[in-house]
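A quick write-up on the structure given underneath.
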Amino acid sequence: MREDDNAVVDLAGVRKEISLALVDDVAVGDYVIVHVGYALNKLDPAEAAKTLALFADLGGGLPDGAPVSR
Amino acid sequence: MKYIDEFRDGEVARGLAAAIRAEADPDRRYHFMEFCGGHTHAISRYGVADLLPANVRMIHGPGCPVCVLPIGRVDQAIRLALDEGVTLCTYGDCLRVPASDGLSLLKAKARLGGTSGDIRMVYSSADAVAHARKHPEKQVVFFAIGFETTTPPTAVAIKQAQALGLANFSVLCCHVLTPSAIASILESPEVRRYGTVPLDGFIGPAHVSTIIGSRPYEFFAEEYRKPVVIAGFEPLDVMLAIRLLIRQVNEGRAEVENEFSRAVSRAGNVKAQHLVAEVFELRRAFEWRGLNLVPYSALRLRKEFADFDAERRFHLDYRSVPDHKACECGAILRGVKQPQDCKIFGTVCTPENPVGSCMVSSEGACAAHYTYGRYKDFA
Ligand code: SF4
C-alpha cells in the first residue's frame with residue numbers, strides 16, 4: 001500500500017504498481033481484478049471456491065471428495 | 001498463479017466437455033455469442049471450440065475495444081499529432097488500427113519527423129496525466145477508448161488533472177457501452193440486411209461486468225428472451241458458462257446467471273459507476289466500426305469538464321470513413337460471418353499487416369483465428 005491510492009501487486013511474480021482509486025477497503029493480501037493499471041474489483045475467495053466446486057460438480061470430472069484446487 | 005491455474009485445469013476441462021456433450025440435445029443446434037474479446041481470445045487460445053460438440057457453435061461478438069473503433073476516430077487522433085502538434089497518449093492496442101490513407105497511429109508516428117507532435121504508448125491513463133505534469137510546455141491528449149472497464153480509469157485521470165489544475169491535458173473520449181452494442185445486435189436493421197443471426201444466448205463479459213454488475217443484462221433476458229451467463233476469462237469459466245446456457249435453452253428459461261461471482265455482483269462497482277456518471281454523459285449517437293451509428297451507445301465529457309475535452313479544445317469535427325471494400329469486419333462483429341469468409345483473411349490481411357480492425361488486437365476475431373490456427377478447423 002502506498003500513498004495516493006496506489007498499491008503494489010504481485011502478478012505471477014512480477015511486481016507492478018496499480019491504482020486503488022476505484023475500490024474501497026482493500027487490504028494487503030486481498031486479490032483484485034486488475035485492468036489498465038487499476039483495480040476494478042476485489043476477488044471474493046468464498047465465491048471462487050463455490051465456482052471451483054461447480055466445475056467438479058457439473059463437470060463430473062472429479063471423484064467425490066477430491067480437492068477441487070490443486 | 002492462484003485464482004488462475006485452477007481455472008485452466010485440463011482434466012476438469014475434459015470433464016466439463018463430457019458434461020456439455022451429455023447436456024446438449026443432439027436434435028438441436030445451439031448458437032451462443034461471446035460478447036467480449038477476452039472470451040474470444042480464451043476460446044481460440046485454449047481450443048475451447050474443439051472441445052464442443054458440432055451442434056454447439058460460438059459466435060464472436062463486438063466486445064473487442066479496438067475492433068469497434070471506427071476509422072474516423074483514429075483519424076482524429078492522428079490529426080491531433082500531425083496537424084496540432086500534440087503529444088497523443090494511447091493504449092498499445094490502438095497503435096496499429098488501420099485509419100485513412102493507409103495510415104495508423106504507428107505509421108503516423110514515423111511521419112512525425114522533426115514536428116512538435118508525438119505519439120506515445122501508455123499502460124494506463126495515469127501515465128498520460130503524469131506525462132502532462134512533466135511536460136507543461138506540451139499539449140497532452142489521452143486517446144480514451146474501450147468499454148466500461150477502461151472508462152472509470154479515464155474518469156479518475158480527468159478528476160486528477162482537474163485537481164492538479166493541468167491546463168495542458170485533455171481526453172479524446174471514445175468510450176462505448178456494452179448494453180447498447182448488445183441491443184444493436186439484437187434489433188438493428190443491418191442485421192436484417194446481413195441475414196439474421198440465430199442467437200440462443202450470450203456469454204456476458206467478465207471485466208465489464210465487474211463494473212456494471214449483472215443487473216443491466218436482466219433487460220435482455222426479459223425483453224428478448226435470451227439467456228445471459230456472465231463468465232470469467234479462464235477457459236473453464238467459459239465452458240461452465242456454455243454448459244449453463246445449454247441448460248437454460250433446454251429448460252426454456254431466459255435468465256441472467258453469474259458464473260463470475262468471484263468478482264461480479266448484481267450492483268457492480270458503485271464507486272466506479274458514480275465517478276463515471278460525474279464526469280461523462282451519453283452521446284446521442286456514436287459510430288462503431290461495423291455497427292454504424294448506434295444511438296446512445298457512447299460517452300462524452302460533461303460540460304463541467306469541458307476544459308479537458310479534446311474535441312472542444314481542438315475544435316475537432318468528425319468524418320465517417322468507410323472500411324476497406326473487402327473487409328468483412330462489419331458482418332463478423334455482428335456474428336453473421338466468420339473470419340475465413342473474408343477473401344483476404346490470412347493472405348492480404350494478417351496481424352503484421354492488418355487491413356481491418358478485427359486483425360489488430362489478439363482479442364479480435366480475425367487475429368485470434370489467425371494466431372491460434374483455429375481457422376483450419378473451421379474451414
Ligand atoms: S481478415 Fe482482415 S480484412 Fe478480412 S474481415 Fe478480418 S480484419 Fe477485415
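All of the numbers you see were taken from the coordinates with simple rules; none came from a lab. All values reported here derive from a predicted model rather than from experimental measurement. Cβ: placed from backbone, ideal geometry, glycine included. Neighbour counts: every protein chain shown.
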Dividing the helical contributions, -39500 (n - 2.57) per DSSP H run of n ≥ 4, by the residues of chain B yields a 222 nm value, nearest 500 deg cm²/dmol, of -10500 deg cm²/dmol
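Compute the Kirkwood hydrodynamic radius of chain B, taking the inverse of the mean of 1/r over all pairs of distinct Cα atoms, and give it in Å to one decimal.
Roughly 21.3 Å, rounded to one decimal.
What do you get for chymotrypsin sites (Phe, Trp or Tyr not before Pro) in region B:316-370 restricted to DSSP loop and a cutoff of at most 15 other Cβ within 10 Å of the site's Cβ? Kindly include the intermediate steps, with their values, before the conclusion.
On the way: sites: B:318, B:345, B:370; in loops: B:318.
Counting only loop positions with at most 15 other Cβ atoms within 10 Å, the chymotrypsin sites (Phe, Trp or Tyr not before Pro) in region B:316-370 are B:318.
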In vacuo Debye sum over C-alpha of region B:329-372, base-10 log of normalised intensity I(q)/I(0) at q = 0.13, 0.28 Å⁻¹, listed in q order, is -0.20, -0.98
Using the Kirkwood formula on alpha carbons, the hydrodynamic radius of region B:80-143 in angstrom works out to 11.8
Going from the fewest other Cβ atoms within 10 Å to the most, one would list A:16, B:134 as B:134, A:16
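Starting from region B:1-109, pick out the trypsin sites (Lys or Arg not before Pro) whose DSSP state is loop and whose Cβ has at most 16 other Cβ atoms within 10 Å.
Details: sites: B:2, B:8, B:14, B:21, B:28, B:29, B:45, B:57, B:73, B:79, B:96, B:107, B:109; in loops: B:2, B:28, B:29.
Filter output for region B:1-109: B:2, B:28, B:29.
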Violations at 29 Å Cα threshold for listed pairs A:16/B:159; A:16/B:134; A:50/B:226; B:138/B:325; B:138/B:271 -> B:138/B:325; B:138/B:271
Here region B:216-231 yields Karplus 3J(HN,Hα) values (6.51, -1.76, 1.60; θ = phi - 60°; whole Hz; Gly and Pro given as x) of x, 7, 4, 4, 5, 4, 6, 6, 9, 6, 10, x, 10, 10, 6, 10
Taking N as the number of residues in region B:258-375, the ratio of its alpha carbon radius of gyration to 2.2 N^0.38 Å works out to 1.37
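Given contacts defined as C-alpha pairs under 8 Å and at least six residues apart, what's the relative contact order of chain B, whole-number percent?
Details: 724 pairs, mean separation 83.0, N = 379.
Taking the mean separation of contacting Cα pairs over the length of chain B, I get 22 percent.
Of all the Cα-Cα pairs you can form in the protein assembly as shown, what percent are over 27 Å apart?
On the way: 53425 of 100576 pairs.
Taking all Cα-Cα pairs of the protein assembly as shown, the fraction more than 27 Å apart is 53 percent.
Tell me which DSSP H helices of chain B clear both cut-offs, 15 Å or more of axial length from alpha-carbon atoms and a mean Kyte-Doolittle hydropathy of at least 0.0.
Numbers: long enough: B:10-23 (19 Å, 0.34); B:71-83 (17 Å, 0.35); B:151-164 (20 Å, 0.30); B:235-250 (23 Å, 0.95).
Membrane-span-like by this criterion, though nothing is claimed about a membrane: B:10-23, B:71-83, B:151-164, B:235-250.
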Ordered by fewest other Cβ atoms within 10 Å, a rough proxy for footprinting exposure, B:309, B:27 read B:27, B:309
